[in-house]
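The values are calculated or read from the model by the stated rules, or taken from the named source; none is laboratory data. The shown structure was predicted, so the numbers you read here are calculated from the model rather than taken from an experiment. Positions of Cβ are generated from backbone atoms using ideal geometry, with glycine treated the same way; all protein chains shown enter the neighbour counts.
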């Protein structure tokens, strides 16, 4: 599992960057805020990452700070919010602004993001209002657990993987929680996904 990349910024696009780590180029999809924070091509940079796994694709997402990655993971637990929408939200709102918007039930602020209508914005702030206070607001804060099924990065990635395979957030989270209970807290991503898939389809 790739959790962080540290290297040189090799190339950038509208919503992606290539990070050269000792001669190996990693393509990471990013929010516009992260792309700006990475600096200029040729400069040293660090990105926190999240791996999105679907039936026929694997995509690496990059974030300038851990707080942004944590919010990305939380946002994608909301039905109707995929990686593209989550990155759009994080392109217009900092983790702190997003935390405040959810806590205050300010759907209009979330709806500023491209592709987020009033209905989806309302669902986001409604579902995340009780979790917002526990989430980091930026400045390099570490990962904050938002549910039992997300106690560690492997379980969070497993939940994300099941969602990308078409399972609803609640079903994915419950299946991963059951898998982690069977395998223990130190279970790896591959084992968690394998057992969680059996739980979700069993």
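Filtered by the rule that a residue be in contact (Cβ under 8 Å) with a residue 60 or more places away in the chain and assigned to a helix (DSSP H, G or I), the range 33-68 gives 33, 66, 67, 68. Taking residue 17, is it over 26 Å from residue 192 (Cα atoms), surrounded by 14 or more Cβ atoms within 10 Å (Cβ to Cβ) and either in the same structural domain as residue 118 (by TED's automatic domain parsing) or modelled with pLDDT of 95 or more (or both)? So residue 17 fits the description; yes. Among the residues examined, residue 79 does not qualify as within 10 Å of the chain's Cα centre (by Cα) and either surrounded by 19 or more Cβ atoms within 10 Å (Cβ to Cβ) or outside any strand (DSSP E or B) (or both). Scanning the range 174-192 for residues that are closer than 17 Å to residue 52 by Cα and buried (at least 23 other Cβ atoms within 10 Å of the Cβ), we see that the one that is modelled with the lowest pLDDT is 176. The residue list 56, 114, 40 contains one member that is exposed (fewer than 14 other Cβ atoms within 10 Å of the Cβ), within 17 Å of residue 164 (Cα to Cα) and out of contact with any strand residue (DSSP E or B) (no Cβ under 6 Å at 6 or more places or on another chain), which is 56.
With respect to the conditions (1) buried (at least 18 other Cβ atoms within 10 Å of the Cβ); (2) at pLDDT 90 or above, residue 84 lacks only one, and its number is (1). Here is the figure for the range 95-136: residues that are modelled with pLDDT of 90 or more, under 18 Å from the mean Cα position of the chain (by Cα) and not in a helix (DSSP H, G or I) total 4.
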